[in-house]
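*Asks:* Attaching a single structure in structure tokens format; questions to follow.
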Amino acid sequence: MFGPQSAKQSWKDLFFVYEKVRIGNEFSRVQRCEQFLGIFQSEGCKMVEMSCQEHDKLAAGSQFMTHTVGRVLDMLGLESTPINTKGYETLLDLVENTCRDSFDLYYGLFLYNKSALEMVERLDLAFDALRNELFGRLHHVVRKQLFDNGEKVKSVHDSSYQNGAASAFSSNALRYQDVTIPYEFKGKISGSVDDNSKLKVAIVGFGNFGQFLAKTLARQGRSVLAYSRTDYRDAAQKLGVSFFSDANDLCEEHPEVILLCTSILSTEKVLKSMPFQRLKRSTLFVDVLSVKEFPRNLFLQHLPPEFDILCTHPMFGPESGKNGWNELPFVFDKVRIGNDERRVARCNSFLDIFAREGCRMVEMTCAEHDWHAAGSQFITHTMGRVLEKLQLESTPINTKGYETLLKLVENTAGDSFELYYGLFMYTVNAMEQLERMDFAFESLKKQLFGRLHGVLRKELFGDSEKLEVLQEKSVRKNGAALSSSPESVKIS
Ligand code: NAP
């Protein structure tokens, strides 16, 4: 269950499936067979004896699907980036695992697999269903904005889609110097930053990712507070985090850092509702959104100029980072950090949370991040979601390629649809990427069905067509002979 690519390092622990279909009883024949199997055993293969029928049943779903997805991804021409997520690396692995196999091999899997056609259909349906979910929601939002007059005024203010998208795509983002915000800091102009080794961090948005980060912060001995619209008191207590269901109460605790872990789509609304006046004059705002220019512009637009701004993206999540963060990329952009020594120290102390866990710290601008992520993030999540709909199951003889498919599903399955929809809305070329995926899949189907059609035509009409062609040729030949003869003129 391996090939030149998946086993280029070694065959150790890879499956070797066999069935002794007919081995004579004589000692020499038995020994010959054992010697042959010994070749694979001595390389460390996992030897699995099963009937060919059983093999085909198990491999039917996994093999053909792996090659199909690998081929579609190959057509997209994916490229490695300096900030690959684990999910995206599984896509690249998959392409590498399958792209060197010939089309004949793939076509063979298609022809000799009873359920191949059904699988192509299921993949098609899953992709369609996902697109419908995305477009359905888009349609709903746009309709609401266009026709729902009662709601219109409200949606202009509330909707994070409209305002957010506008500011994310606008290259003329408002600079913080241009913005005046009603601002009260009576009695809070201390400017002092508490002991940085402890660093009081307030997580705003205590959902999936907020809690995931809180675990590590608490383990490191930081003082962690949390606020969310949902009541997470119990979850917070288990993590040793103080939970607040009112943003005023949270801010009056004077955290040094406000860490925004809200969904992309709700960030604007949440940020605007924060009672900044209750915070210390010197507070560091950090976000972890999976898109970067959008929160950067929001922060610059809405935060008082005295606040520091650090935009970050931990390129991992509860699944890919469950066994530690070592070597996982952490992207950050010090958008606005005051020169004051204590402010610089506070920012570094926050970054140290991730550096200490072994993250690969990558400093790049929000624009650069979005440029790299545009070609990788949305595709990864889309593929993961399409495959999730197929409910793939592990088999006792998984190939490495199939394992990467399963890993991809595992990596994205825990993420909310809200997160995926946020990526769709704020990835500038998301529509184009959906189209490219669609086109790649359609081309692959055309290749398969075109060849199938050719074979069938040949079988059905091969002989008669040959006969027709011969007849046609001879008619043409005779015709030509006739037309060139003087009699033909007479006949015509
Ligand atoms: P998510 O669905 O993107 O966000 C869930 C969070 O947003 C919850 O805290 C939720 O609060 C809050 N929220 C949603 N709608 C809200 C609204 N209308 N008003 C107020 N709060 C609202 O899932 P997530 O995985 O937790 O991600 C959080 C952020 O981290 C996102 O920006 C995401 O891009 C980023 N991120 C996630 C990952 C990951 O692997 N999951 C990795 C890197 C970065 P309640 O729970 O209180 O409703």
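The values are calculated or read from the model by the stated rules, or taken from the named source; none is laboratory data. This one's a predicted model, so the numbers in the text were calculated from it and none came from an experiment. Positions of Cβ are backbone-derived with ideal geometry, glycine not excepted, and every protein chain shown enters the neighbour counts.
*Asks:* Among the residues of the stretch 79-117, write down those that are among the charged types (D, E, K, R) and loosely packed, with under 13 Cβ neighbours inside 10 Å.
*Replies:* Matches in the stretch 79-117: GLU79, ARG100, ASP104, LYS114.
*Asks:* Now, a different point. Tell me which residues, restricted to the stretch 41-97, are part of a loop (DSSP other than H, G, I, E, B) and under 22 Å from PHE15 (Cβ atoms).
*Replies:* Residues satisfying the conditions are GLU43, GLY44, CYS45, MET50, SER51.
*Asks:* Does VAL30 qualify as being among the β-branched types (Val, Ile, Thr), assigned to a loop (DSSP other than H, G, I, E, B) and surrounded by fewer than 16 Cβ atoms within 10 Å (Cβ to Cβ)?
*Replies:* Judged against the criteria, VAL30 is not a match.
*Asks:* May I pose another question? In the stretch 183-197, is there at least one residue being modelled with pLDDT of 60 or more and buried (at least 19 other Cβ atoms within 10 Å of the Cβ)?
*Replies:* no
*Asks:* Taking interchain pairs and intrachain pairs at least six residues apart, which have beta carbon atoms under 7 angstrom, with the first residue in the stretch 224-241 and over 12 Å from VAL204 (Cα atoms) and the second in a helix (DSSP H, G or I) and not aromatic (Phe, Trp, Tyr)?
*Replies:* Qualifying pairs under 7 Å: ALA235/GLN211; LEU239/GLN211; LEU239/ALA214; LEU239/LYS215; LEU239/ALA218; GLY240/ALA218; VAL241/ALA214; VAL241/ALA218.
*Asks:* Restricted to the stretch 215-257, and to residues that are away from the ligand (no atom under 16 Å from the Cβ) and in a loop (DSSP other than H, G, I, E, B), which residue is nearest to the chain's Cα centre (by Cα)?
*Replies:* That would be GLN220.
*Asks:* Which residues, counting only those in the stretch 371-388, are surrounded by 17 or more Cβ atoms within 10 Å (Cβ to Cβ), closer than 22 Å to GLU118 by Cα and not polar (S, T, N, Q)?
*Replies:* MET383, GLY384, ARG385, VAL386, LEU387
*Asks:* Right, next: Among the basic types (Lys, Arg), within 26 Å of the chain's Cα centre (by Cα) and either buried (at least 22 other Cβ atoms within 10 Å of the Cβ) or within 22 Å of LYS215 (Cβ to Cβ) (or both): is that true of ARG346 in this structure?
*Replies:* no
*Asks:* Within 30 Å of ALA202 (Cβ to Cβ) and part of a loop (DSSP other than H, G, I, E, B): which single residue out of ASP415, ASP370, ASP352 fits that description?
*Replies:* Answer to the check: ASP415.
*Asks:* Please specify each residue of the stretch 312-336 satisfying the condition of being within 14 Å of the ligand (Cβ to nearest atom) and small (Gly, Ala, Ser).
*Replies:* Scanning the stretch 312-336 gives GLY317, SER320, GLY321.
*Asks:* Next question, about the same structure. Here are some conditions: (1) modelled with pLDDT of 95 or more; (2) part of a loop (DSSP other than H, G, I, E, B). GLU319 meets all but one. Which one does it not meet?
*Replies:* Condition not satisfied by GLU319: (1).
*Asks:* Give the stretch 258-276 a look and list any residue that's surrounded by 16 or more Cβ atoms within 10 Å (Cβ to Cβ), over 26 Å from the mean Cα position of the chain (by Cα) and either away from the ligand (no atom under 13 Å from the Cβ) or assigned to a helix (DSSP H, G or I) (or both), or say none.
*Replies:* If the condition is that a residue be surrounded by 16 or more Cβ atoms within 10 Å (Cβ to Cβ), over 26 Å from the mean Cα position of the chain (by Cα) and either away from the ligand (no atom under 13 Å from the Cβ) or assigned to a helix (DSSP H, G or I) (or both), then ILE258, LEU271, PHE276 are the ones that fit.
*Asks:* Could you list, in sequence order, all residues of the stretch 380-396 that are free of Cβ contacts under 8 Å to residues at least 40 places away in the same chain and closer than 15 Å to PHE417 by Cβ?
*Replies:* GLU388
*Asks:* Now for a separate question. Using the structure shown, decide if VAL291 is out of contact with any Pro (no Cβ under 9 Å at 6 or more places or on another chain), crowded, with 18+ Cβ neighbours inside 10 Å and assigned to a loop (DSSP other than H, G, I, E, B).
*Replies:* Considered against the rule, which asks whether it is out of contact with any Pro (no Cβ under 9 Å at 6 or more places or on another chain), crowded, with 18+ Cβ neighbours inside 10 Å and assigned to a loop (DSSP other than H, G, I, E, B), VAL291 comes out as yes.
*Asks:* Would you check which residues across the stretch 295-311 are more than 9 Å from the ligand (Cβ to nearest atom) and either touching a His at 6+ places or on another chain (Cβ under 6 Å) or not in a loop (DSSP other than H, G, I, E, B) (or both) and list them?
*Replies:* Those that are more than 9 Å from the ligand (Cβ to nearest atom) and either touching a His at 6+ places or on another chain (Cβ under 6 Å) or not in a loop (DSSP other than H, G, I, E, B) (or both): ARG296, ASN297, LEU298, PHE299, LEU300, GLN301, HIS302, ASP308, ILE309, LEU310, CYS311.
*Asks:* Do we find a residue being farther than 30 Å from LYS322 by Cβ and modelled with pLDDT of 95 or more anywhere in the stretch 226-239?
*Replies:* Looking through the stretch 226-239, none of the residues is farther than 30 Å from LYS322 by Cβ and modelled with pLDDT of 95 or more.
*Asks:* Is there a residue being at pLDDT 95 or above, within 16 Å of the ligand (Cβ to nearest atom), in a loop (DSSP other than H, G, I, E, B) and of a type in the set (S, T, N, Q) anywhere in the stretch 277-286?
*Replies:* Looking for residues that are at pLDDT 95 or above, within 16 Å of the ligand (Cβ to nearest atom), in a loop (DSSP other than H, G, I, E, B) and of a type in the set (S, T, N, Q), one finds none in the stretch 277-286, hence no.
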